[in-house]
Every structure is written in C-alpha cells, then in structure tokens.
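Have a look at the structure below, then the notes.
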Amino acid sequence: MYEIDVVVKPEFVKAYKEGYPLISKESIVSWEKVSDEGTVMNLFDDKKKFICKAYHGMQNKGYGWVLSSNKDENINVTYFSKKIKSALEYRADFFADESTTAFRVLNGEGDGLGGLTIDYFDGFYLLTWYSLGIYEFKSEILKALKVTTEYKGIYQKKRFDSKGKYLDDKDDFIMGEKAPAPLIVKESGENFAIYLDDGAMVGVFLDQRDVRRTIRDRYAKGKSVLNTFSYTGAFSVFAALGGASKTTSVDLAKRSLPKTTEQFEINKIDVSKQNIIVEDVFNYFKYAVKKNLLFDMVVLDPPSFARSKKRTFSASKDYVNLLKEAIQITKKGGVIVASTNSANFSMMTFSDFIAKAFKQLNVKYKVKERFSLPKDFRVLDEFKEGNYLKVVFIEKLK
Ligand code: SAH
C-alpha cells in the first residue's frame, strides 16, 4: 500500500495522541499531498515524532480514520485479521447465544476500523463500506475474513457518497453460498426475515435489539400500540409477541405492507388482528386526532432526515413537533418510545426536545428509561459521537 508522511497541526496533536480516531482536513498541514482515497498516512507532530497511522477515506464525518498507533504496523491481511479477530472475541457471548443469530461483529472505529461495519446473519457476513478509501482494502479485508471466520457467504453494501447513500452496483453478493431470500434469523428468540441482496436495507435495524426486547417483556402486555415510521414492523412484532392487544404500524413506503405482514407471519402472529397502514405519519396523526384515537403506547422512530412529496423531516428541527403530535394521541399513563439515530445532536439535546414538547402542551411526563447503542455496536470512549442512538421511554402522566 502507498504510504505518505503528513504533519499534524499543533492544536490537533494532543487529540490524536490520546486516541481520537477521526481525521479532519483541518488537522493536517498541506492536505493537498494526500490525494487518493486509500492512501495510508503516517501522522507526525511538528517535532517529527510519530503519532499514528491512518487512511484517507471521504465520509460526511471526516477525511479518514486512524488505524494504528504502531509505526511499524503494515496495513495488510495480518493487520485486518487481528482487528477482525479481536472484534469477534468481543462478541463471544453473542455467538454463544442461540436465541440471537443476528448482530454486529465489527462496528467501525469502535473496533479500530473506521469506515467499515460487519454484521452477522446466521453464518452470513454483511460488509458495509462507508468510503472508497476503505473499499481500497477490500481484497485484504476479505482474505482476513476468510482466515478468521467460518462463513457461509459474504455480502456487501457500498455507501460511498458523502451522505452515506447506498450505491446499487448489483454486486452485493461477494462469495461463498448465496443466502436464502428471506434468510430467517433469530433475535431474542423471535424470527426476522432478512434479505441480504435487496437494496440498501436488509429488513431489520440491529441496534434496536434491546429496545424491542424491553417492549416485549415489560411494556406491551394488554396495550394498544402505535408504531410510526414502522419500516418492516419490528417494534410491532415484538409488541404483539409481548401480548399487545393490538398493533398499528404506519409507514409511507408501499413495501412496508408486505414486509410487515411477512414479519408477523413468520412469528405466527394473526396478521388479521393487526393494523398495517401505508401512509404519511403526519397525515395519520391528523386522522387519529379527528377520530379521537388514543393509544397506550406510541413508538416514534423517524429517519434523521427524509424528504417526501409534501414535506421534509429533519430530526434536529422537527422532533419537538413530532413529539407533540404523539403526546396528543397517547392515553394518560401511556408510554411514548421516542427514538432517533441522528448523530447531529446529543442525548442532552434530545432530552431538551422532550421537555419542550411536553411543556408546550402543558402535559406532565416522567422518563422511565433510556437506551443508547447495544454492546455489539461498540463505541470508543475517545469518540462518544459514535454513539448515535438515543431512545427514551416516556410516561405521559395522569
Ligand atoms: N422504526 C423502524 C425503522 C424506521 S426506518 C424499525 O425499527 O425497523 C425509517 C422509515 O420511515 C422508512 O421505512 C421510511 O419509509 C419511513 N418514513 C419516512 N418518512 C415517513 C413519513 N413522513 N411517514 C411515514 N413513514 C415515513
């Protein structure tokens, strides 16, 4: 691999010495020297002292990631094997647990390899490349995966552009056996239908596992549940399995109806007793208010940004209003599960959004519990921004 030496501006030296993993353009003296993505950079301070090794890859987050603090490290198959092996070891309890066969095995910078995630689906591995820079190491990383795992098959998603948008090259399948479509995996003992070769998303967001289990085990029994931005209905399925009296799933995407139906069916839930609605959530709120509908539980899990024909939704700008809509159709004593995967604001800011929404409606509330990323979505202490998930269970008080 092509390596170059670069000098870090004095005001950034301390951060990199202390393990900050993200490379910014501003931190490097004469960035022009670093042209190609995939270039390995040796970072030095202004006294020519080695700090760390990094690679250049363009993401919305930054310009690359630190790879190693060892100046003799070669970024080769051995290096990647080491990273993957320790990532696998960190998830030993997941591999041992037969009731959950889908989880993350390598979480980017949290496992020392920013720009790449690897998810495990019952013997199949899914690699997501977040930059062309990390993709330059594809052949080394695949070889490393070969020597460290016993895989049935390997798939990939390319999310190269600055917004992390999925690039459909029709080459998501890489090697090994092809997975059945759907591939049925287990989570907390329940089933999920996974499609590894059907566009950007595979059918479930693994980072909400603990939230789903909590809804099933401690909140759903006997409750009417509204699940907004429901996608394949994963929260509805867990609510129904936990004994919800009825679930209502609302999503704008037409595919959500067959996909949600399928998730119910493979868990032996009577779909005819559930409500699956293809509609804009904001229209549904208006309808619910008009019909005086009230729910025991409302789940809010919007995308951090979405543009539809009528409106754009941005979590950082519009979450307060979303909450206000939800509060109005939640029974007193009921629970709102407010979730966001927006990396643009912190748990503290999210708590402020919640406080503001309830205050504006003059309604009292109590925070019951909070969740952020689960164990398999490993986060570095030096890069807490990597913990993007924020979920708050809020009781609407009587
Ligand atoms: N809560 C889901 C994941 C949500 S992904 C889960 O746990 O699996 C975001 C979803 O929001 C997508 O399925 C998208 O179709 C939907 N969506 C985006 N804007 C919407 C809107 N205005 N109304 C309804 N659904 C919307």
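The values are calculated or read from the model by the stated rules, or taken from the named source; none is laboratory data. All values derive from a computational prediction rather than experimental measurement. All Cβ positions, even for glycine, are placed from backbone atoms using ideal geometry, and neighbour counts span all protein chains on display. We work out accessible area using only protein heavy atoms, side chains counted, and drop any ligands, DNA or RNA first. Shrake-Rupley method; radii C 1.70, N 1.55, O 1.52, S 1.80 Å.
Considering (1) away from the ligand (no atom under 13 Å from the Cβ); (2) in contact with a Leu (Cβ under 7 Å, 6 or more places away or on another chain), the lone condition that residue 279 does not fulfil carries the number (1). Within segment 146-179, being assigned to a strand (DSSP E or B) and either among the acidic types (Asp, Glu) or in contact with a helix residue (DSSP H, G or I) (Cβ under 9 Å, 6 or more places away or on another chain) (or both) holds for 154, 156, 158, 174, 175.
For segment 231-242, a tally of residues being part of a loop (DSSP other than H, G, I, E, B), near the ligand (Cβ under 10 Å from one of its atoms) and open to solvent by 10 Å² or more (accessible area, probe 1.4 Å) returns 1.
If you go through segment 308-327 and keep only what is surrounded by fewer than 21 Cβ atoms within 10 Å (Cβ to Cβ) and out of contact with any helix residue (DSSP H, G or I) (no Cβ under 6 Å at 6 or more places or on another chain), you end up with 308, 309, 310, 311, 312, 313, 314, 316, 317, 318, 321, 327. Among the residues making up segment 134-158, a single one is under 16 Å from residue 59 (Cα atoms), open to solvent by 40 Å² or more (accessible area, probe 1.4 Å) and touching a strand residue (DSSP E or B) at 6+ places or on another chain (Cβ under 6 Å): 135. Against the list (1) surrounded by 22 or more Cβ atoms within 10 Å (Cβ to Cβ); (2) outside any strand (DSSP E or B), the condition residue 106 fails is (2).
Given the condition small (Gly, Ala, Ser) and over 25 Å from residue 117 (Cβ atoms), answer yes or no: does some residue in segment 354-371 qualify? Yes - at least one qualifying residue is present in segment 354-371. Can you name the residue in segment 283-307 that is assigned to a helix (DSSP H, G or I) and open to solvent by less than 30 Å² (accessible area, probe 1.4 Å) and, of all such residues, is farthest from the ligand (Cβ to nearest atom)? Within segment 283-307, the match that is farthest from the ligand (Cβ to nearest atom) is 288. Checking every residue in segment 254-276 against the condition of being within 13 Å of the ligand (Cβ to nearest atom), of a type outside the set (Gly, Ala, Ser) and part of a strand (DSSP E or B) gives at least one match.
Step by step: first the residues of segment 243-253, then only those that are part of a strand (DSSP E or B) and within 22 Å of the chain's Cα centre (by Cα), then the one that is farthest from residue 221 (Cα to Cα). Which residue is that? Filtering first and then ranking leaves 251.
Scanning segment 135-145 for residues that are hydrophobic (A, V, I, L, M, F, W, C) and part of a helix (DSSP H, G or I) yields 141, 142, 144, 145. Of all the listed residues (338, 357), the sole one being surrounded by 20 or more Cβ atoms within 10 Å (Cβ to Cβ), at pLDDT 95 or above, outside the structural domain of residue 22 (by TED's automatic domain parsing) and within 17 Å of the chain's Cα centre (by Cα) is 338.
Of the residues making up segment 193-229, those that are open to solvent by less than 10 Å² (accessible area, probe 1.4 Å) and within 9 Å of the ligand (Cβ to nearest atom) are 203, 208, 211, 212, 227, 228. If you take the residues in segment 259-282 that are basic (Lys, Arg) and over 26 Å from the mean Cα position of the chain (by Cα), which one is surrounded by the fewest Cβ atoms within 10 Å (Cβ to Cβ)? So the residue we want is 268.
Count of segment 8-38 residues, restricted to those that are farther than 25 Å from residue 110 by Cα and either over 32 Å from the mean Cα position of the chain (by Cα) or at pLDDT 95 or above (or both), is 5.
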